[in-house]
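Participant: Structure incoming, see below.
The values are calculated or read from the model by the stated rules, or taken from the named source; none is laboratory data. Since this is a predicted model, take the numbers as computed values, not measurements. Here the Cβ is made from the backbone with ideal geometry for all residues, glycine too, and neighbour counts use every protein chain on show.
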Amino acid sequence: MHPRHEMITHLLKQQRYQEAEAHAIEHVRLFPIDGQGWVLLGEALLHQQNGEMARLMFERAHLLDPEATWMPSAYQELEKTPIGGVRQDIVDLLQTKPVSVSAAIIVKNEERCIKRCLDSIIGVFDEIVVVDSGSIDQTLSILTDYPTVKVHQTVWNDSFSQLRNEALAHVTSDWVFWLDADEWLHPEDQANIRTAAALYSGLGHIIPVLHVGLINQVNGTEVCDYSVPRLFPAQRGLYYSGRIHEQIATQEEGIFTSNVLHKPTKIRVFHDGYEAFVKEDKDKFNRNIHLLRLMTQEEPENSGWWYFLGRETMSLGDYDNALDYLRKSEEHARANPKFGRMPEVYMLMTRILASRNEWEQAEECCRKALKLHPDFPDARYALAEIQMRKARLLLQEAEGHIGAAVEGFGTYRGTVTADRDILAWKADVLKADLLVHSGKIAEAGFLLKKVRQGHPKMTVLSNKLAFFDLQRRLLDQYNQQR
């Protein structure tokens, strides 16, 4: 925890709320992009029964930390708190210097969705720049319905970066916000774009690149991904590199930058381009594979292109080649510690290896990911899943050994006397334990009752059956509450 956070948290715990507020105000003035500072200020105001001002602080914090898990509980507390009065000094903390922001879109044959995209951003930006690379459908005709949109036409040259850089050259604002034609801006987040740009302006030599929450709509489900960079200063020399899955780069360092700050922001964008009918219509897979093969030929030591090629190949069901490409990504990443996608590379490798029942190698990939990020949830979950599958295999193997132990009494004639209790009751009790681990609780209970008929005074059986009685009572309570 940051020392300033510790001090403010200490004051809150001591119920010295006015002091905590004063220190939190000083902190957010000095560090306006620190989401936790705004959270602490919100807590101080909340405890002083000023719910409306606290809500504004939490909203600013959420803008800066959109993946925060504390938001639901914070809003629950707000519902219990009086609204309170408006404090101008608190409202003034939220003010930002004005910045201009342009939207940029590259299109080709987007008649299905370009209107939806533009309708979501009209009036939000200082300008909208569209670069068309040879549409032959109604896209250009639809664009004429938007006279304020600046349309530039160019040719497709197997490079999305070339198109983005062409659009970037026409941007005149301080910042640029990127949308694809099959995306549309969440209406609640329109104002967040300019606010985020203003907050991250003035970081000196550090260049901010802000990520949006891309809400992918696939088969009736929605998954939000905050790994997509879409908002950055337009006049700081940034450009795009790569024919596909284009990467933001600087003239000095290329795509592996040391002075670029990547941060998520609460700017949500809907996307339906992963729907099956869209992919099939645009033949995206074949196009992507073609462009990625070109990139691996042009930049064979770039881990990113092997990663993307592996991911695309995997989505086509070609797991063998996908694994080879992902291993090449891992190999080249050893020479480039700035490559930040290795946790995902390891997760993709884990999926492939697990599909082959190669559990040890799959587990090793999880542990490699955790070595990079010990708190990476995906790797922890995958590791747990793998170990559960291994455990099930061990349970099945154990069941076989129990059966073999019983059968052995009919064939074993060694000099060491076998434990007859195994045949009498131990094997069945152990099998009952296995059944419990396999979720077959009722079957295990019947087996134990059968064993107890022959051994009515055995304490171990009574204790185990007491467990079943407890589970039955709990299940009855569950059924009554349904």
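Participant: Looking at (1) over 20 Å from Ala197 (Cβ atoms); (2) touching a residue at least 12 places away in the same chain (Cβ under 8 Å); (3) over 28 Å from the mean Cα position of the chain (by Cα), which is the only condition Val107 fails?
Facilitator: (3)
Participant: Go through segment 381-438 and give me each residue that's of a type in the set (D, E, K, R), over 28 Å from Ala354 (Cβ atoms) and out of contact with any helix residue (DSSP H, G or I) (no Cβ under 8 Å at 6 or more places or on another chain).
Facilitator: Let us first name the residues in segment 381-438 that are of a type in the set (D, E, K, R), namely 385, 389-390, 392, 397, 399, 407, 413, 419-421, 426, 428, 431, 433.
Okay, now just the ones that are also over 28 Å from Ala354 (Cβ atoms), so 407, 413, 419-421, 426, 428, 431.
Scanning segment 381-438 gives Glu407, Arg413, Arg420, Asp421, Lys426.
Participant: Only one of Ile90, Ile106, Ile122 is within 17 Å of Glu183 (Cα to Cα) and buried (at least 17 other Cβ atoms within 10 Å of the Cβ). Can you tell me which?
Facilitator: Values: Ile90 fails: within 17 Å of Glu183 (Cα to Cα); Ile122 fails: buried (at least 17 other Cβ atoms within 10 Å of the Cβ).
Matching residue, one of Ile90, Ile106, Ile122: Ile106.
Participant: In segment 45-61, what count of residues is obtained for those that are closer than 22 Å to Ile267 by Cβ and crowded, with 22+ Cβ neighbours inside 10 Å? Full working, then the answer.
Facilitator: First pass over segment 45-61, keeping only residues closer than 22 Å to Ile267 by Cβ: 55-61.
From what's left, crowded, with 22+ Cβ neighbours inside 10 Å: 57-58, 60-61.
Residues meeting the conditions: 4.
Participant: Would you call Leu143 modelled with pLDDT of 95 or more, assigned by the TED database to the domain that holds Asp126 and farther than 27 Å from Gln251 by Cβ?
Facilitator: Working: modelled with pLDDT of 95 or more: yes; assigned by the TED database to the domain that holds Asp126: yes; farther than 27 Å from Gln251 by Cβ: yes.
Yes; evaluated as a whole, the condition is true for this residue.
Participant: Since Leu353 meets every condition but one in (1) farther than 30 Å from Asp283 by Cα; (2) touching a Cys at 6+ places or on another chain (Cβ under 9 Å), which condition does it not meet?
Facilitator: All conditions pass for Leu353, except number (1).
Participant: Okay, moving on. Yes or no: Gly445 of a type in the set (Gly, Ala, Ser) and in contact with a helix residue (DSSP H, G or I) (Cβ under 8 Å, 6 or more places away or on another chain)? Please lay out each step first, then the result.
Facilitator: Values: of a type in the set (Gly, Ala, Ser): yes; in contact with a helix residue (DSSP H, G or I) (Cβ under 8 Å, 6 or more places away or on another chain): yes.
Here the answer is yes, as Gly445 does meet what is asked.
Participant: How many of the residues making up segment 414-429 are surrounded by 12 or more Cβ atoms within 10 Å (Cβ to Cβ) and not in a loop (DSSP other than H, G, I, E, B)?
Facilitator: Count: 8.
Participant: Among (1) surrounded by 14 or more Cβ atoms within 10 Å (Cβ to Cβ); (2) out of contact with any His (no Cβ under 9 Å at 6 or more places or on another chain); (3) within 30 Å of Arg327 (Cα to Cα), there is one condition Lys371 misses while meeting the rest; what is its number?
Facilitator: In the conditions (1) surrounded by 14 or more Cβ atoms within 10 Å (Cβ to Cβ); (2) out of contact with any His (no Cβ under 9 Å at 6 or more places or on another chain); (3) within 30 Å of Arg327 (Cα to Cα), Lys371 misses (1) alone.
Participant: Does Glu358 qualify as being crowded, with 18+ Cβ neighbours inside 10 Å, of a type in the set (D, E, K, R) and closer than 28 Å to Phe285 by Cβ?
Facilitator: Working: crowded, with 18+ Cβ neighbours inside 10 Å: no; of a type in the set (D, E, K, R): yes; closer than 28 Å to Phe285 by Cβ: yes.
When the stated conditions are applied, Glu358 does not pass them.
Participant: Let me ask something else. Run down Gly42, Gly37 and say which single residue is more than 26 Å from the chain's Cα centre (by Cα), buried (at least 23 other Cβ atoms within 10 Å of the Cβ) and not basic (Lys, Arg).
Facilitator: On the way: Gly37 fails: more than 26 Å from the chain's Cα centre (by Cα).
Only one candidate qualifies: Gly42.
Participant: Please name all residue pairs, on different chains or six or more residues apart, with Cβ atoms under 7 Å, provided the first residue is in segment 391-414 and is free of Cβ contacts under 8 Å to residues at least 40 places away in the same chain and the second residue is surrounded by 10 or more Cβ atoms within 10 Å (Cβ to Cβ) and in a loop (DSSP other than H, G, I, E, B).
Facilitator: Going by the 7 Å Cβ cut-off, the qualifying pairs are Phe409/Ala418; Tyr412/Ala418.
Participant: Please verify whether segment 127-135 includes one or more residues that are over 30 Å from Arg29 (Cβ atoms), touching a residue at least 24 places away in the same chain (Cβ under 8 Å) and surrounded by fewer than 18 Cβ atoms within 10 Å (Cβ to Cβ).
Facilitator: Within segment 127-135, the first condition is being over 30 Å from Arg29 (Cβ atoms), and the residues that meet it are 127-135.
Okay, now just the ones that are also touching a residue at least 24 places away in the same chain (Cβ under 8 Å), so 127-135.
Okay, now just the ones that are also surrounded by fewer than 18 Cβ atoms within 10 Å (Cβ to Cβ), so 127, 134.
Among the residues of segment 127-135, at least one is over 30 Å from Arg29 (Cβ atoms), touching a residue at least 24 places away in the same chain (Cβ under 8 Å) and surrounded by fewer than 18 Cβ atoms within 10 Å (Cβ to Cβ), which makes the answer yes.
Participant: While we're looking at this one, here's another question. Mind checking which helices (runs of 4 or more DSSP H) fall wholly inside segment 309-401 and carry at least 2 residues that are under 23 Å from Gly254 (Cα atoms)?
Facilitator: Working: elements: 319-333, 342-355, 359-372.
Once the helices (runs of 4 or more DSSP H) in segment 309-401 are filtered for at least 2 residues that are under 23 Å from Gly254 (Cα atoms), what remains is 319-333, 342-355.
Participant: Also, quick follow-up: Within the bounds of segment 14-25, is there any residue that is closer than 25 Å to Thr195 by Cα and touching a residue at least 60 places away in the same chain (Cβ under 8 Å)? It would help to see each step written out before you state the result.
Facilitator: Step one: filter segment 14-25 for residues closer than 25 Å to Thr195 by Cα, giving 21-25.
With the extra rule that they be touching a residue at least 60 places away in the same chain (Cβ under 8 Å), the set shrinks to 25.
Yes, segment 14-25 has at least one match.
Participant: State all residues of segment 451-482 that are in contact (Cβ under 8 Å) with a residue 12 or more places away in the chain and either assigned to a loop (DSSP other than H, G, I, E, B) or surrounded by 12 or more Cβ atoms within 10 Å (Cβ to Cβ) (or both); if no residue qualifies, say none.
Facilitator: Narrowing segment 451-482 to residues in contact (Cβ under 8 Å) with a residue 12 or more places away in the chain: 451-452, 454-455, 458, 460-461, 464-465, 468, 471.
Passing the criteria: Val451, Arg452, His455, Met458, Val460, Leu461, Lys464, Leu465, Phe468, Gln471.
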